[in-house]
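Each remark here refers to the structure printed beneath this line.
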Amino acid sequence: MADIEIKDIIKKENLVYSKSKILTDNEMHYCPGCSHGTSHKLVAEVIEEMGIQEKTIGISPVGCSVLAYNYLDIDWQQAAHGRAPALATAAKRLMPDHFVFTYQGDGDLASIGTAEILHACNRGENITVIFVNNAIYGMTGGQMAPTTLIGMPTATSPYGREAALHGFPLKITELIAQLPGVAYVTRQSVHTPAAARKAKKAIRKGFENQEKKIGTSFIEIVSTCSSGWKLSPVASNQWMEEHMFKFYPLGDLKDAERDNEADYKKYIE
Amino acid sequence: MGELKLMKGNEVIAEAAIRYGADGYFGYPITPQSEIMETLMAQKPWETTGMVVLQAESEVASINMLYGGAACGKRVMTSSSSPGLSLMLEGVSYLAGAELPCLLVNVVRGGPGLGTIQPSQADYFQATKGGGHGDYQIIVLAPASVQEMNDFVGLGFDLAFKYRIPSLILSDGVIGQMMEKVEVSDYKPRWTDEEIQKISGSWATTGKTKNRERHIATSLDLQAEKMEEHNHKLQAKYREIEKNEVRYEEFQTDDAEYLLVAYGSSARICQKSVTLLRQKGIKVGLLRPITVWPFPSQRIAELANQVKGMLAVEMSAGQMVMDVKLAVNGKIPVSHFGRYGGVVHSPGEVVEAFEKQFLGGK
Amino acid sequence: MAKVRGAIVVDIEKCKGCGVCVTACPTNVIQLAKQVNGKGYNYAYMENPEACTGCANCALVCPDTVIEVYRVKV
C-alpha cells in the first residue's frame, strides 16, 4: 500500500477527468445507465476539444433525447419527430461555416424520419448525424422500434417481434452507407471504456469532416434501454453484447476519405 | 418607379423573393405553383445574392427546412398548393409554437383530397383557423393581382419578423397562373450576420457565444403551467396583430345598400358584378379583405349598420362567410355564393345569386 | 519505481447507481453503497481506494458524468 492519503490525491492539481464545460449542470432525466448520457458526454467533449461551441448548432429529435438541449451548452433547434435532418440541411446550407449535427434515436431516424435521413444523406449534406439505436421506443414506454430484433419482446410486440407480423429489423446504417453523398458511416457503442473512446474518436472524425466538406458523417451508437428492455443497466450491456452486436456489428461501414473514394465526387464528375 | 415586367403570378413570387433579399427557398413541386421553384432554379440566385434554393424530398421536409433556417434568423420561404400545405401543417404548428418567422405561399387548388389542379379558395379555414394542432394563428395575406404577389413577399417577411410568426400568402390558381403587368421591387441586399444579430440576436440559433445563454428553438414545455403561460403570450401577440395589421380595400361602398365580401381572385370577379348590379340601379359595394387573418371584422360590423344584406362570394362551399357572419352578429342577413371544386364563378353568376338572395330572384 | 495512485469523487446526490462504473473499473475499486442518496439510489463509492490508479474508465462510461478523477505519481 502506497503511503499517500486520499485527501492528498484529491487536489486540484491532480484532477485528470471532470465534466466537460459543454455539459450543463442540469441533471439528466435519463434512466440509470442510459446510453444517452454517455453519448451526450462524448459529443460535449468533442465540441469542447475542438473549440467549436460558438459555431455548433445541435438538432434534437423527438424521443428520449428531445431534451438534449438541456444538457449541452450550445444553441439548439428542437425538431418535429423525424425531421431533424431537414432542419440540419437548412441550418448548414444557410450557415455553412457552422458545425451542425442531429442527435436522433432509432424511432425518430429509422421509422418516422426515414425519408429525411435518407435524402439528407443522399444530398451529401455536410452534417454529422449521431444515431442512438437501442432497438426500442424509450420515451413512450418501450414499444417496438424499426430496429427491434426478431424475438425481442416490447410493449407492442409482447410475445417477441415476429417477422411475419411486424416485419424485419431495419439495418438503416447499411442502407445509408450505400449512398454516394455519405463520407463516413460507422457503428459504435459506449458501454465500455474502450468502446466509448472509439466512439468519441468517431464523433470527432464526424465533426472534422464538416470542415473538409466531404459529405455526411453518420455515427450509429448501438445502445441500451434498460427500462425498455426490463434489465438492469449492467445486464443490458451484456444483453447488448450478446444479441445486438450480432445483428448490428460494430465498426466502420464506410470511410470515403480513408478509402480515397469520395463517391459523390465521382457522380459529379 | 420600379422596373415594369409582364409576369405570371407564380414567377413574380420567385423574382420578388430574390429582390427582397430572401435567404432561402425550400420546396417541392406541385401544380399549380411549380413555376415558383422553376423560376428560382433558372435564376440561380445563389450565384448573385447568395440565396439558397433547394428542392426538398417532400413538403414535410420543406417546412422543416424552414424551421431550421428560420431558427437561424434567416429569411426563408416555401410554396405549395393545397395538398402540400396539408402536409406542412404539423411543421407550421411547430413554427408558430417556437415563434419562428417565415413566409409560406399557398396557390390554392380544388379539393378535398387530391382534388383538381384548378383554382379554388377552399383552404380558407385551414389558413385562417390555425390549420395544424394547438391554439395558434398565422398572418394570412390574400393577393388579388400579380402586383400583390410581388408586394406581399416583402410585406409577408416584414410582418413575419415584426411579430415572430409565419406569414402565408393565400393565393389561388387564377392569380398564380395569370400574367399581368407588375412593377417589381428594387433589389435589396440580404441581411448580413451583423444585421441578423441586431434583428434576431436575442433568439436566433447562430452559435452560443460567451456573452449570452444558449438559444433553443423549441415548441416544447413539459410543464402545463408554463405552456399555458406561453399560450397567453401567443394570444396577446395575436390580439396585437388583430389591432395593428388588418388590411382591406373597399369598392363603391360609400352609398352601398348591399355588400359583397370577397378576397383574392373572387374579389376581382365581384368588382365586375358590382358594376353589373349598379347598371341595374342596385347600390352594391364590395369589401375585399387583404388580410384574411386578421379579418376586417370591425369594418364589416360597421358596414352592417349601413347595408341591408351581405353576400360572401368565395370559391368554396362557404368558409369566409362564417367570419362575415361572426362580424355581423345577426344584425342583417348574410349569405354565401361560390362555385367550388376548381370551378371559377362568373360575374353574371354572382349577380344572379345576389338577386335571388336579396331581391326575390328578380 | 514510480507508482500511480488515483482517487475518484462521486457526486453522490447526482449518482443514479446504475453500476456501469463498477464493471468498468479494472482494479475493482468501486462498489455501490448499501445506503441510498436523496433519490433512493445506491450510489457508487470507493470500496478499495488504495487500488485506484486514476485511469478514469469509470468516469468515461458514467452516463451522468458524476465522477471526477484525480491521479498522482507517488
Among the residues of segment A:168-184, is there at least one that is in contact with a helix residue (DSSP H, G or I) (Cβ under 8 Å, 6 or more places away or on another chain), within 30 Å of residue C:41 (Cβ to Cβ) and either without any contact (Cβ under 8 Å) to a residue 12 or more places away in the chain or of a type in the set (A, V, I, L, M) (or both)?
-> no
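Is there a residue being within 13 Å of chain A (Cβ to nearest Cβ) and surrounded by fewer than 18 Cβ atoms within 10 Å (Cβ to Cβ) anywhere in segment B:181-191?
no
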Is it the case that residue A:47 is of a type in the set (Val, Ile, Thr), over 14 Å from the mean Cα position of the chain (by Cα), closer than 26 Å to residue B:76 by Cα and not in a loop (DSSP other than H, G, I, E, B)?
-> no
What residue, among those in segment B:192-204 that are in contact (Cβ under 8 Å) with a residue 60 or more places away in the chain and closer than 21 Å to residue B:233 by Cα, is surrounded by the most Cβ atoms within 10 Å (Cβ to Cβ)?
-> B:200
Residue ID - farthest from the other protein chains (Cβ to nearest Cβ), chosen from residues in segment C:28-58 that are under 9 Å from residue C:7 (Cα atoms) and in a loop (DSSP other than H, G, I, E, B) | C:53
Taking segment B:107-134 only, how many residues are open to solvent by less than 40 Å² (accessible area, probe 1.4 Å) and aliphatic (A, V, I, L, M)?
-> 4
Within segment A:19-36, can you find the residues that are crowded, with 19+ Cβ neighbours inside 10 Å and either without any contact (Cβ under 8 Å) to a residue 24 or more places away in the chain or more than 8 Å from chain C (Cβ to nearest Cβ) (or both)?
-> A:19, A:22
State yes or no: is residue B:96 open to solvent by less than 10 Å² (accessible area, probe 1.4 Å) and in contact with a Leu (Cβ under 8 Å, 6 or more places away or on another chain)?
-> yes
Search segment A:221-232 for residues being assigned to a helix (DSSP H, G or I) and open to solvent by 20 Å² or more (accessible area, probe 1.4 Å), and hand back the single one that is farthest from residue A:140 (Cα to Cα).
-> A:229
Hits in segment B:221-244 - residues which are closer than 20 Å to residue B:303 by Cβ and surrounded by 12 or more Cβ atoms within 10 Å (Cβ to Cβ) = B:242
Verdict on residue B:163 being surrounded by fewer than 18 Cβ atoms within 10 Å (Cβ to Cβ), modelled with pLDDT of 95 or more and in contact with a Lys or Arg (Cβ under 7 Å, 6 or more places away or on another chain) = no
Go through (1) surrounded by fewer than 18 Cβ atoms within 10 Å (Cβ to Cβ); (2) touching a helix residue (DSSP H, G or I) at 6+ places or on another chain (Cβ under 8 Å); (3) facing another protein chain (nearest Cβ under 7 Å) one by one and return the number of the condition residue C:61 breaks.
-> (1)
Filter segment B:330-362 for residues that are over 19 Å from residue B:256 (Cβ atoms) and not in a helix (DSSP H, G or I) and give the result.
-> B:330, B:338, B:339, B:340, B:341, B:342, B:343, B:344, B:345, B:346, B:360, B:361
Scanning segment B:31-68 for residues that are among the β-branched types (Val, Ile, Thr) and either within 9 Å of another protein chain (Cβ to nearest Cβ) or at positive phi (or both) gives B:52, B:60, B:63
Evaluate the following for residue A:122: is it touching a residue at least 12 places away in the same chain (Cβ under 8 Å) and open to solvent by 10 Å² or more (accessible area, probe 1.4 Å)?
-> yes
In segment B:202-213, anything under 23 Å from residue B:165 (Cβ atoms) and either of a type in the set (Val, Ile, Thr) or at the interface with chain A (Cβ under 7 Å from one of its Cβ atoms) (or both) is listed as B:205, B:206
In segment B:90-126, anything assigned to a loop (DSSP other than H, G, I, E, B), aliphatic (A, V, I, L, M) and within 14 Å of chain A (Cβ to nearest Cβ) is listed as B:98, B:100
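The values are calculated or read from the model by the stated rules, or taken from the named source; none is laboratory data. Given the structure is predicted, the values throughout are model-derived calculations rather than measurements. Positions of Cβ are backbone-derived with ideal geometry, glycine not excepted, and every protein chain shown enters the neighbour counts. Surface accessibility is based on the protein's heavy atoms, side chains included, excluding ligands, DNA and RNA. Shrake-Rupley method; radii C 1.70, N 1.55, O 1.52, S 1.80 Å.
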